[in-house]
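Enquirer: Before I ask anything, let me first share the structure, which is written out below as structure tokens.
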């Protein structure tokens with residue numbers, strides 16, 4: 001045998017123990033210390049000597065108590081940066097370092113002895129299984145402490161000790177010596193390295209039990225695999241083990257039947273790890289086959305890929321037989337690599353593959369298939385063609401064959417059956433072809449590039465109910481404003497269907513803000529005057545942005561009824577809504593005289609109700625006053641009188657509680673300035689008369705009044 005290559009050991013990562021784990025770990029350390037004492041002392045005496053019997057007294061019971069529910073205990077010695085670590089495995093979920101568990105005095109005294117023992121026996125690790133009898137347990141201690149073994153040929157020491165244990169019928173102990181097996185694959189995770197060597201050693205030893213029956217040997221092999229797999233609770237470690245299993249097969253040669261080891265390992269995997277392990281094995285296989293393409297004469301790599309292919313086939317069979325989930329993608333890759341047969345694939349995947357083949361055929365012969373649709377002479381022929389296209393549309397979408405889909409849709413849209421009301425009702429062309437493909441369509445619509453989306457829009461434009469269904473899903477999932485605008489415009493072109501959809505959304509409960517916004521936009525595009533009833537309730541929506549949008553839609557659909565909503569919005573609790581209502585008044589040149597009458601009443605009422613106004617309120621009222629200059633239908637003299645009334649009340653203190661004992665405050669001056677500015681544009685002789693009363697006090701107000709009078713005189717002349 002050749003010497004093993006170095007394992008990839010990097011020392012311990014920091015680990016926190018629960019109180020229960022810490023107690024079990026410390027008990028295991030105490031057992032190892034007692035075992036070290038027994039091996040060290042009994043080696044000087046015959047196995048029946050009183051001292052030898054004394055050091056072994058109670059140790060077997062301590063061993064059983066230490067294991068508790070565990071099936072075995074394993075000790076492994078590592079050298080690391082001129083230090084050494086001894087790990088205990090099998091007690092907790094993961095190995096732990098005895099050096100970090102023992103007390104310092106015990107550590108200084110016994111750990112060096114244990115390390116020295118490993119070196120003298122050329123040991124790498126050993127395992128004691130729970131089912132060992134007390135007789136075999138004590139015999140193991142005697143063999144492993146036997147001085148004569150130290151005198152044997154060092155290169156044969158492992159063989160000597162192994163044979164000694166086998167001769168005593170001890171199969172509950174695995175001893176792994178440094179010269180047991182070579183692992184030619186470079187550095188592996190140290191746990192994987194140890195497990196591979198243990199597995200190889202245990203399987204190698206089995207034929208030495210010559211009196212065992214075939215059934216007993218088979219059972220021993222299964223037990224060996226189970227003992228190795230059980231502690232590995234990580235799919236990564238299990239994957240590393242199984243992808244390197246060919247090392248053991250090559251080492252054992254004829255001792256194993258064809259595929260025997262692979263099958264035993266696959267059968268022993270916990271169900272929850274089978275699919276992740278298979279994915280990991282496939283990744284290694286994929287890398288190997290890619291390398292093999294570059295070096296096709298590499299026989300070692302050929303054998304390794306063949307081994308991995310066999311393992312993947314066995315894993316797939318187990319997944320299939322136990323109906324393990326989440327393996328569809330894996331099975332598709334295995335089928336593409338010809339590792340598994342078509343009939344092993346899940347039914348849905350078989351259908352997908354058949355559909356893909358049919359889709360490829362139709363792409364290459366699309367003219368013939370489309371011609372069949374255009375020339376269909378019976379309802380039966382048409383239904384057959386529609387069913388075929390419905391089958392392949394999901395595949396064509398995944399393949400992004402939008403030009404082909406578009407040609408198919410055009411053919412269906414132009415079909416002679418499309419003009420027959422009865423047949424059209426049955427076939428629902430071209431919508432029914434996309435049943436079951438909506439989700440894929442939506443995904444591509446959201447994630448596709450703009451030119452692709454243009455093609456998709458052309459396809460959607462020929463649909464009816466399916467267009468609405470797909471676009472609604474786009475509205476629900478998409479966040480891109482450009483895509484949403486395009487989809488909204490497309491929906492609006494569906495007029496009647498768009499109206500039905502918008503009514504459903506606007507009348508529905510618990511609709512998302514996005515859906516409400518889009519429904520309002522659609523109604524704005526296609527709505528009629530009487531649709532204002534749909535909109536009114538949304539001017540009271542809990543969300544300010546919806547209230548704002550509803551105002552825009554209302555003024556577009558029915559300006560007359562919307563004006564009352566605008567005046568009402570001037571008192572909205574949200575500043576943005578109030579400002580938006582004011583903006584509408586500022587910008588719309590066709591608002592009625594009634595609106596401005598209501599506006600004047602609103603301004604007067606606000607000023608009358610509140611003695612102290614904030615600067616924000618003052619600026620808001622000033623903004624509204626300035627819009628009066630744009631009022632239509634009624635002679636400007638009417639509006640001049642309204643503004644003069646507001647101005648006079650503010651200055652002379654005839655409104656409510658506004659009793660000025662001195663000059664107006666800056667907030668009310670802001671409103672007065674707005675009145676003067678407006679009078680300068682719509683005023684006449686009455687305005688000049690009032691403004692002349694401001695010219696005597698020499699304040700800033702008098703200066704503004706003077707400038708306004710000058711403008712009015714120039715205008716009147």
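The values are calculated or read from the model by the stated rules, or taken from the named source; none is laboratory data. All figures in this text were calculated on a predicted structure; none of them were measured in a lab. All Cβ positions, even for glycine, are placed from backbone atoms using ideal geometry, and neighbour counts span all protein chains on display.
Enquirer: Being touching a strand residue (DSSP E or B) at 6+ places or on another chain (Cβ under 9 Å), at pLDDT 80 or above and farther than 15 Å from residue 74 by Cα is the filter here, so list the residues in the stretch 169-199 that pass it.
Expert: Of everything in the stretch 169-199, just one residue is touching a strand residue (DSSP E or B) at 6+ places or on another chain (Cβ under 9 Å), at pLDDT 80 or above and farther than 15 Å from residue 74 by Cα, namely 178.
Enquirer: Considering only the stretch 539-557, state which residues are within 17 Å of residue 575 (Cα to Cα) and assigned to a helix (DSSP H, G or I).
Expert: Hits for the stretch 539-557 are 539, 540, 544, 545, 546, 547, 548, 549, 550, 551, 552.
Enquirer: Further, regarding this structure: Somewhere in the stretch 438-459, is a residue farther than 29 Å from residue 411 by Cα and buried (at least 17 other Cβ atoms within 10 Å of the Cβ)?
Expert: no
Enquirer: Within the stretch 402-412, is even one residue loosely packed, with under 15 Cβ neighbours inside 10 Å, under 34 Å from the mean Cα position of the chain (by Cα) and at pLDDT 90 or above?
Expert: Yes, some residue in the stretch 402-412 is loosely packed, with under 15 Cβ neighbours inside 10 Å, under 34 Å from the mean Cα position of the chain (by Cα) and at pLDDT 90 or above.
Enquirer: For residue 520, indicate whether it is at pLDDT below 95, surrounded by 15 or more Cβ atoms within 10 Å (Cβ to Cβ), in a helix (DSSP H, G or I) and in contact with a helix residue (DSSP H, G or I) (Cβ under 7 Å, 6 or more places away or on another chain).
Expert: No; evaluated as a whole, the condition is false for this residue.
Each row is one residue, and each column tells you yes or no for (1) assigned by TED's automatic domain parsing to the domain that holds residue 79; (2) within 52 Å of the chain's Cα centre (by Cα); (3) modelled with pLDDT of 85 or more; (4) assigned to a helix (DSSP H, G or I).
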residue	(1), (2), (3), (4)
128	yes, yes, yes, no
136	yes, no, yes, yes
150	yes, no, no, yes
155	yes, no, no, yes
206	yes, yes, no, yes
211	yes, no, no, no
217	yes, yes, no, yes
221	yes, yes, yes, yes
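Enquirer: If the requirement is being in a helix (DSSP H, G or I), in contact (Cβ under 8 Å) with a residue 40 or more places away in the chain and within 26 Å of residue 225 (Cα to Cα), which of these qualifies: 312, 301, 324, 308?
Expert: So the residue among 312, 301, 324, 308 that is in a helix (DSSP H, G or I), in contact (Cβ under 8 Å) with a residue 40 or more places away in the chain and within 26 Å of residue 225 (Cα to Cα) is 308.
Enquirer: Among the residues of the stretch 483-496, how many are surrounded by fewer than 16 Cβ atoms within 10 Å (Cβ to Cβ), more than 31 Å from the chain's Cα centre (by Cα) and part of a helix (DSSP H, G or I)?
Expert: The number of residues fulfilling the criteria is 3.
Enquirer: Ok, one more. Take the residues of the stretch 227-255 that are surrounded by fewer than 18 Cβ atoms within 10 Å (Cβ to Cβ) and part of a loop (DSSP other than H, G, I, E, B): which is farthest from the chain's Cα centre (by Cα)?
Expert: So the residue we want is 230.
Enquirer: Using the structure shown, decide if residue 326 is within 30 Å of the chain's Cα centre (by Cα), under 19 Å from residue 269 (Cβ atoms) and surrounded by fewer than 18 Cβ atoms within 10 Å (Cβ to Cβ).
Expert: Yes: the conditions hold for residue 326.
Enquirer: Could you tell me which numbered condition residue 509 fails, if it satisfies all but one of (1) more than 23 Å from residue 435 (Cα to Cα); (2) buried (at least 16 other Cβ atoms within 10 Å of the Cβ)?
Expert: (2)
Enquirer: What are the residues in the stretch 256-267 that are crowded, with 18+ Cβ neighbours inside 10 Å and under 18 Å from residue 197 (Cα atoms), if any?
Expert: 261, 262, 264, 265
Enquirer: Can you say whether residue 540 is at pLDDT below 95 and either in the same structural domain as residue 678 (by TED's automatic domain parsing) or surrounded by fewer than 19 Cβ atoms within 10 Å (Cβ to Cβ) (or both), as far as the supplied structure shows?
Expert: So residue 540 fits the description; yes.
Enquirer: Would you confirm whether any residue within the stretch 284-296 is outside any helix (DSSP H, G or I) and outside the structural domain of residue 129 (by TED's automatic domain parsing)?
Expert: Yes, the stretch 284-296 has at least one match.
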